[in-house]
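All remarks here apply to the structure that follows.
The values are calculated or read from the model by the stated rules, or taken from the named source; none is laboratory data. Keep in mind the model is a prediction, meaning the values are calculated, not measured. Cβ placement follows ideal geometry from the backbone for every residue including glycine, while neighbour counts extend to all protein chains displayed. These accessible areas exclude ligands, DNA and RNA; they are computed on the full protein's heavy atoms, side chains included. Shrake-Rupley method; radii C 1.70, N 1.55, O 1.52, S 1.80 Å.
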Amino acid sequence: MAHPSKRLVGKVAFITGAARGQGRAHVVRLASEGAHIVGVDLAGPLPGVPYDSATEDDLDETRRLVEEQGVEALLSRCDTRDLEGLKRAVADGVAALGRLDVVVANAGICIPETWDEVTPRSFQDVMDINVTGVWNTVTASAQHLIDGGGGSIVLISSLAGKKVQPFMVHYSTSKHALVGMSRAFAAELGQYDIRVNTVHPGAVNTPMGSGQMIARIEQTNEANPRLAGMGTTFLNRFSAEAEEISGVVAFLACDEASFVTAEEISVDGGTQHF
Ligand SMILES: NC(=O)c1ccc[n+]([C@@H]2O[C@H](COP(=O)([O-])OP(=O)(O)OC[C@H]3O[C@@H](n4cnc5c(N)ncnc54)[C@H](O)[C@@H]3O)[C@@H](O)[C@H]2O)c1
């Protein structure tokens, strides 16, 4: 997809969940605009999900795609639930590349389950990754943004963080939590010229839809078919490509969004209002 210019030359961006899907698309887009990339991914088995997990090969492919853009790529395996590991990954990135300007907290998991199928384990897993993992990501990186004189933090929420993703009480809870987290960080970090915003994709074509994911969603829909239409868009497509989310992430990351903070931007074809 064509984009206007190289708006991030000399900047450094840190992205979680970089191995594939939207994370990879964000990495490639920010790199194509001139940013050097620090990225992490678990690149291994995800807890409780019905879709395929990312692999080290996926992370290697992201590295190749970044290097193709002529910028640096420091990608490593790290679980966002591991705060100390994240701190090391970010500190190593800043030591090698000199600064940090942009943070994209993108890593997340999604488990379709009706309300009475959710277990203490699955609820905890979703909170640990989708909420605590995002808090860890900001906590590991904010001081580096402050040291550099400011920056942009983008938290990847969801349609489920504005409206609801039916049959995902844990997921909807976690993605709503990111709105509060974003506003709270925006309030405190604003004095350092750090902007914090959430992006709310509707359905996106990524490997999150692989394996048994679609079958599980259809199965849970049967519990209450009235709710199955909640993902309907105003446009002629049901889902976005990952690059369409990346365009909004790149906008928030760069100076074109210099007075945008504590905002929640949907990229959902209108679904939130349907
Ligand atoms: N695909 C969709 O329809 C959709 C819609 C709205 C929001 N989202 C959100 O967008 C984000 C990206 O999703 P995607 O569609 O690219 O999914 P994906 O599963 O294709 O990619 C997610 C990546 O994050 C990594 N990851 C997951 N947990 C991790 C952890 N604890 N530590 C490090 N890495 C971890 C995975 O290994 C994977 O590479 C997620 O937060 C998701 O909730 C997705």
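Each of Val134, Leu74, Ser210 was placed along the dipole of the stretch 12-273 (beta-carbon charges, centred on the mean Cα), and the one lying farthest toward the positive end is Val134.
Of Asp60, Asp193, which has the most accessible area and how do the rest follow, probe 1.4 Å?
Result of the area sort, largest leading: Asp193, Asp60.
The alpha carbon centroids of the stretch 218-274 and the stretch 141-212 are separated by 13 Å. Calculation over all alpha carbon pairs of the stretch 1-70 in 10 angstrom steps from 0 returns a P(r) of 22, 49, 22, 7, 0 percent. When peptides 237-244, 138-145 are sorted by average Cβ neighbour count within 10 Å, with the highest value leading, the order is 138-145, 237-244.
When the solvent-accessible area of the stretch 76-194 is split by element, carbon and sulfur atoms take up 53 percent of it, the probe being 1.4 Å.
Which helices count as membrane-span-like in the chain under these terms: full DSSP H, at least 27 Å along the axis by C-alpha, Kyte-Doolittle mean of 0.0 or more? Helices meeting the criterion: 169-189. Per residue, the chain exposes an accessible area of 44 Å² to a 1.4 Å probe, with every protein chain left in place. Taking 45 Å as R0, compute the FRET efficiency from the Cβ-Cβ separation of Thr232 and Leu83 and round it to 0.05. That gives a FRET efficiency of 0.70.
Computed FRET efficiency, Cβ-Cβ of Tyr192 and Glu117, R0 35 Å: what is it to the nearest 0.05? Could the numbers behind the result be given before it?
Values: r = 43 Å, r/R0 = 1.23.
Working from the Cβ atoms, E equals 0.20.
Helix content alone sets the calculated 222 nm mean residue ellipticity of the chain: runs of n ≥ 4 DSSP H residues at -39500 (n - 2.57) each, divided across all residues, give -12000 deg cm²/dmol. Over the chain, Cα pairs under 8 Å with separation of 6+ residues give a relative contact order of 20 percent. For the chain, the convex hull drawn through the C-alpha positions has a volume of 116 cubic angstrom per residue. Of the beta bridges in the chain, as assigned by DSSP with both residues counted there, near 0 percent are antiparallel.
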